[in-house]
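Peer 1: To start, I am sharing the structure in question, which I have written as C-alpha cells.
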Ligand SMILES: [Mg+2]
Ligand SMILES: [Zn+2]
C-alpha cells in the first residue's frame, strides 16, 4: 500500500472499511509526517497522544460496527475552533494558554463522525490576514517553492494558512478552516488544494472565535473536491446555539459529484478582469472556461457592477464587527493579563501587549468607523453597499447556475513581501470578498501551475445553499484540470 | 398643585424623566440558559455566554420577549412587530463581552401611557417613550478588598426591560407616583416582581429645572440606579435645588451622570463615568431582527389581567368606594383580591374599612403579607357577618379580631368560647342602666337639668358594667328614655 | 481622510489599547491610508437602499425559558488570570 499520508479521505475510508489499514496506523503515519513537517510551522499545538487515543477508539467502534461516517480520519483543526481541554489561541498572545472548557459545534460534529484530531493549526492572528504572517506563533511556510528560487520561503495564504500548508503537505488528511473574506479559498489557492466556504449559516459558528460575525463561516479544506464534500457533510448542520445557523437539512454532497454539467450556465463576471490582472491568472481562468465548455456547460458573461465597492465595504464592516467582538479580550476572565494600577490601565496594557499590529489596526479602524458622527458615512454606507453587492449576485443568479472567477490575483508570494502596506495585502482577497459579503458558497480548486511552478486556483460561487451545484461543477473541473502536481517539500512519498 | 422651587430670582419648575430598569420574570437569562434566581453563590449562575467566552453566541429566550410584549400592552403602548438588537460598546469590569446587547433604534415597544394618582385625588397621564429589552451587567463589589474590586457575573445576561418615560413629570411626588404605579402594573402583569431591594427595579432619573412658565429644556443630569421610591424623590429634590443654586449664582450645569448617596442625601458626579461615552451602537451581527407574529401579540393581549386603573374604576362603581380607598386597595393585586373576597355579598364599605383599617394594621404589626395573611379573607368576612347580624358590636368585633390574630380561630368559635356575644336583652341592659343611675344620683340630676354632655359618660359606665357586651345603640336609646322619666 | 494624533489617541482610548506617544504619528499615517482606501465607497449610489446587517434570510429564532446552562463556577473561573479569589474575578479597585 502507498504512503497513507498521500491517501484521499474517500480512499482511506474504503481501506479502513476493508481492514487494510487501521485508524491507529493511519494516525501514526500522520503524526510522523506532522513531526517531520514542523519546519512549516503549520501546527500551533500538536495533540499526538489525544490523536492516538481517538484512533484506538475509532478502531474499536469499527470492530463493533458502530463507526461514524468519517471514522478514523486524522484531521487538523484551525486554532480558531474551541476544543475542550486543548489550548485554543486564535494565534494570539492574548489567548495564550486559554483552554476552553467547551467544544465548538463544528469540531463536535467532526468528533461525532469519528474523526481524529492531530492538533491545532496555525493561522493569522484572530483570522485577520491573507498570508499567515500575523500569527503570534510565527509565520507558516508554504510547502510549494518557486522553480526560480527554491530558497525563498513563500506564504501559504491566510488566514487558514496552517490548514492549507498542512493539507498540501500531507500532515493531515483534511482540515477545518474559517472564511471571513477569503480565508479558506485564498490559502487553498496558494497551496494547491481544495477549500470551500459554505453558504453563511450552513456551518455553526458556535465555539469558533469570532472575527466578523456577519461574515465568518467555517468550512473544510482537503486535497480533492470529494474529500471536501465528505468533510462538509460532517461539519454542517443546523445548530440551535447559533441564531444565524440555517435550519436546513444537509444533503449528501458527495451525491452531487460526477453529475453532468451539460447545459449549466456559468457566469463569467467582467468586473473580475480588471486592467492589469495577472496574465497567468487570466489565462488559467480562460482555461477553466474552456474545460467547462468542453463538458457541455455554457459560459455567460455577467456584470456585477458593485464589485469595485466590495473591498472598501468589507474593510469597514469586518473591522467594525471585530472591534466589538474582540472587546472581550480584556485580561479579566481568561487569557493574558498585564496588571495595571487602574482597571483602564489593565485593559490598555493587556490589549496593547496581547494583540499584534494588524489586529490592533483593525480594532482601531473599526472603533473609528462606528464612533459618533462617523457611523452613517462609514458603517451604514458599507451596509448599504453590501446590499448592492448581494443584489448583483441575486440578479446574476437569475440567469446563471454558478459563477467562475479566479480565486486570488496572484500565486503565493514571499514571506515578508507586501507586508509593509496593509492595504496592498488586503488586495489578495479582491475576488473572494464579494461572495463573502453576499454570504454565498465559494469553492477554490487548483487549476494549474504558473510558470514558476506555483499553484493557481479558480473559484466557483453558487446560489445560497446550493453547494451541490458548486461541488458538481468543481468535480467536473477537477477532472479536466487533472492537477497532480505536489509541493517540493513533502512531495508524495515522504519528506 | 404645581410644585415649584422658590429661588432667589424667582420660582423654578422641575422637568423629570425616568428610566426604569425592570428585571423580567423568567427562569433563564435573556440570551443564555443560566438561571436568574436571586442570591446564588458568586458566578454559579453563569454560562460561558454570560461570561463572554470566545466563540460563545446569544440565543434569545422567548418568554422574555413575551414578557416585554405583555408589559408594552399593559402600558397601552405600540408593539413593534420588528425590532433590532444592537450592541452598546463600552468597557467595564462587570460587562464581560465589552458590550451590552440592547435595543437602540428599533425597540420592541414604542409610545405608551401611564396614569399616575396623586395625593390630592387628581390623576395625570405620563407619556411612555419606549420599552426595550436588554441584558443586565454583572456586579462589581468595591468593598471586599483594600485594592481589588470583585466581580460576580450572576446577573450578567439577566433580561431587563428599560422603560423610558417622556419628561412629563414635574415633582418628586409625581416621580414617586410614577414608579409606584409602574411597579404595580408590572406586578399585576407578572412581568417583574418589583423588588427594589433586590434590584429587580432600578430607577435612573433625568432632572433639569427651568424658570416657572418657561418651556425651554435645560441641561439635564442623570442620577443612576436609585433603588427606592423615597430615595428617587430625595435625589430629585436635591438635584433640582442644586441646579437652581448653580443657575442663580451664574453657573452652568454640565450634562453628566450622578450618583445618589442615600446616607448624605446628596448626589455627586460619578468619577468612573467622567469621560464622555461613545457607545458605538450597531446591530448585533450574532442576532437577526426580532419579528413578532401578530397572532402571538393578540394572544398575549387577550390574556392580560384587569389592571389597576380599570380595577380601581370598577371598585368605585361596583363597591361605591372613594377613589382614594379604591386606589389603595388596587395597588397590589393581592390586596384587591383579598378585599373582593371579603366584600363579596357584604357591605362593601364596611369591608373596605376593615381591610384598610384593622387588617392592614395587623399586616404592619405582624410583618405578614396579604399573600400570607394572619387572618384569612373568609374569617374577616365572617366577622363582618357577625357585626351585621347583631351578634357583635363594632367594639366587640375589634376584640374578636384581636383574638383571631392571636389564636387563628374563626370568629364564631371565639364568640362562643369567650361568650363575647353582644347583649341585646332589654331587661338586662335596663338593669345595668338602673344600677348606674342609682349609684350616681347627682349626675342624673345634672343631665335632667340639661347637661347632655354627661350622656356619653353614662353610656361608658353602662358598657363597663356589661363588660362591653351591651349593644351600644340599645344602651343609648334606653338610657335616653330613662333620663326622660 | 487623514487622522491626527489627537484622534488616534482618542480612538485608542475608546478601544482600550495603549499606544505609546512615539507610535502615534506612524499609526495615524497607516489608519489614514486605510480610510482613504475605503473612502471610495462614498461614490456608490445607495439612495433608497436599506442597509444589510445580515445575509441570513430569516428572523430571530427563540429558545424556551428553561434553565439549561450555568452551575459551573469552577469552569467559568478556571481561566481567570492569576486565579479567582473567593469565587470572584478580581480587577484593580474601581472608584465610582
Ligand atoms: Mg438608559
Ligand atoms: Zn438600560
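Peer 1: Compute the acute angle (0 to 90°) between the alpha-carbon long axis of helix B:62-74 and the principal axis of greatest extent of the alpha-carbon atoms of chain B; round to the nearest 10°.
Peer 2: The answer is roughly 60 degrees.
Peer 1: Stokes-Einstein at 37 °C, 0.692 mPa s, Kirkwood radius from Cα pairs: D for segment B:177-259 in µm² s⁻¹?
Peer 2: Using the Kirkwood radius from Cα pairs, D works out to 232 µm²/s.
Peer 1: According to the square roots a ≥ b ≥ c of the eigenvalues of the Cα gyration tensor, what is the shape class of chain C, taking rounded for a/c under 1.5, prolate for a/b larger than b/c otherwise, and oblate for the remainder?
Peer 2: It comes out oblate by the Cα gyration axes.
Peer 1: Which shape class applies to segment A:299-364: rounded if a/c is under 1.5, otherwise prolate when a/b exceeds b/c and oblate if not, where a ≥ b ≥ c are the square roots of the Cα gyration tensor eigenvalues?
Peer 2: Prolate is the answer for segment A:299-364, as a/c is 1.5 or above and a/b outweighs b/c.
Peer 1: What is the packing order of peptides B:209-215, A:38-44, taking the mean over residues of other C-beta atoms within 10 Å and listing the highest first?
Peer 2: Highest to lowest by the protection proxy: A:38-44, B:209-215.
Peer 1: Can you bin every Cα-Cα distance in segment B:426-484 into 5 Å intervals starting at zero and give me the percent of pairs per bin, rounded to whole numbers?
Peer 2: 4, 21, 37, 25, 11, 2
Peer 1: Let me see the pair-distance distribution of segment B:306-418: every alpha carbon pair, 10 Å bin width, integer percents in order.
Peer 2: Answer for segment B:306-418: a P(r) of 15, 48, 30, 7, 0 percent.
Peer 1: Quick one: of the DSSP bridges fully inside chain A, what percent are antiparallel, nearest 5? Intermediate results must be reported in sequence, preceding the final value.
Peer 2: On the way: 29 of 43 bridges.
For chain A, the DSSP antiparallel bridge percentage is about 65.
Peer 1: Starting from the 7 Å offset along Cα-to-Cβ, what nm value, one decimal, do you get for the label separation of residue B:113 and residue A:151?
Peer 2: Once both label points are built, they end up 8.6 nm from each other.
Peer 1: Okay, moving on. How big is the gap, in Å, between the Cα center of segment B:441-458 and the Cα center of segment B:246-265?
Peer 2: What the calculation gives is 66 Å, centre to centre.
Peer 1: Mind running the shape call on chain B? Use the C-alpha gyration tensor, a ≥ b ≥ c as the square roots of the eigenvalues: rounded below 1.5 for a/c, prolate if a/b tops b/c, oblate otherwise.
Peer 2: Judged from the Cα gyration tensor, chain B comes out prolate (a/c at least 1.5, a/b above b/c).
Peer 1: While we're looking at this one, here's another question. For the Cα atoms of chain B, what angle does the longest principal axis make with the long axis of helix B:454-465, in degrees from 0 to 90, nearest 10?
Peer 2: Helix B:454-465 sits roughly 90 degrees off the main axis of chain B.
Peer 1: Helix-only estimate, please: 222 nm mean residue ellipticity of the protein assembly as shown, summing -39500 (n - 2.57) across DSSP H runs of length 4 or more and dividing by its residues, to the nearest 500.
Peer 2: Here the helix-only value at 222 nm equals -11000 deg cm²/dmol.
Peer 1: For a footprinting-style exposure proxy, rank A:386, B:87, A:223 by other Cβ within 10 Å, fewest first.
Peer 2: So the ranking, lowest neighbour count to highest, is A:223, B:87, A:386.
Peer 1: A follow-up question, please. Quantify how strongly other chains surround peptide B:30-38 by giving the mean number of their Cβ atoms within 10 Å of each of its Cβ atoms.
Peer 2: Rounded to a whole number, the mean comes out at 4.
Peer 1: Rounding to the nearest 10 and keeping the result within 0 to 90°, find how far the Cα-based axis of helix B:172-189 lies from the longest principal axis of chain B.
Peer 2: 90 degrees
Peer 1: Still on this model: Counting other beta carbons within 10 Å of each residue's own, what order do A:173, A:117 fall into, fewest first?
Peer 2: Result, fewest neighbours first: A:117, A:173.
Peer 1: Summarise the partner chain shielding of B:39-47 as one whole number: the mean count of Cβ atoms from other chains within 10 Å of each residue's Cβ. Walk me through the numbers before you get to the answer.
Peer 2: On the way: counts 0, 3, 3, 7, 13, 7, 6, 9, 9.
Mean partner shielding for this stretch: 6.
Peer 1: Using alpha carbon centroids, what distance separates segment C:33-51 and segment A:421-495, in Å?
Peer 2: 29 Å
Peer 1: What value does segment A:171-290 have for Rg/Rh, both radii from Cα atoms and Rh as Kirkwood defines it?
Peer 2: In segment A:171-290, Rg relative to Rh is 1.00.
Peer 1: Residue by residue through A:366-376, how many Cβ atoms from other chains fall within 10 Å of the Cβ on average?
Peer 2: Mean inter-chain Cβ contacts per residue within 10 Å come to 6.
Peer 1: On to the next question. Once the mean 1/r over all distinct Cα pairs of the protein assembly as shown is inverted, what Kirkwood radius in angstroms do you read off?
Peer 2: With all distinct Cα pairs of the protein assembly as shown included, I get 33.3 Å.
Peer 1: Neighbouring Cβ atoms within 10 Å as the yardstick, rank B:221, A:191 fewest first. Walk me through the numbers on the way to the answer.
Peer 2: Working: B:221 21, A:191 33.
The fewest-first ordering by Cβ neighbours comes to B:221, A:191.
Bear in mind that the values in this text are calculations on the coordinates, not laboratory data. All of these numbers come straight from a predicted model, not from anything done at the bench. Positions of Cβ are generated from backbone atoms using ideal geometry, with glycine treated the same way; all protein chains shown enter the neighbour counts.
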